[in-house]
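*Asks:* I'd like to ask you about the structure that follows.
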Amino acid sequence: MRNTVAVALMLAASLGLAACDKKSEDKAQDANQHAEQAQQKMSEAQDKVNDAAKENAEAAKAQAESNEAAAKEAAQDAPPAESK
């Protein structure tokens, strides 16, 4: 009697756990979805890095133009050199 009850309980517990466990197919699909999301996030991050690089290049160009204009202005304002 005890043995039969124990076997029945073990069988019921195993079936219950098996029903709750995700199938490997579900796990594979979840992994694929997460991989796709990660790829999208990486793509977005790369786009942001590219945008930042463009902004830095534009800022460097503007700074160079500003420095050049300041140098020209300083050269025009400087008194002419005396020759002996």
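*Asks:* Restricting to segment 36-59, name every residue that is among the aliphatic types (A, V, I, L, M) and more than 13 Å from the chain's Cα centre (by Cα). Steps first, answer last, please.
*Replies:* First, pick out the residues of segment 36-59 that are among the aliphatic types (A, V, I, L, M): 38, 42, 45, 49, 52-53, 57, 59.
Those that are among the aliphatic types (A, V, I, L, M) and more than 13 Å from the chain's Cα centre (by Cα): Ala52, Ala53, Ala57, Ala59.
*Asks:* Out of curiosity, is Ala18 assigned to a helix (DSSP H, G or I), more than 23 Å from the chain's Cα centre (by Cα), surrounded by 10 or more Cβ atoms within 10 Å (Cβ to Cβ) and small (Gly, Ala, Ser)?
*Replies:* Criteria not met by Ala18.
Rule-based calculations on the coordinates, nothing more; no lab input. No experiment lies behind these values; they were computed from the predicted model shown. All Cβ positions, even for glycine, are placed from backbone atoms using ideal geometry, and neighbour counts span all protein chains on display.
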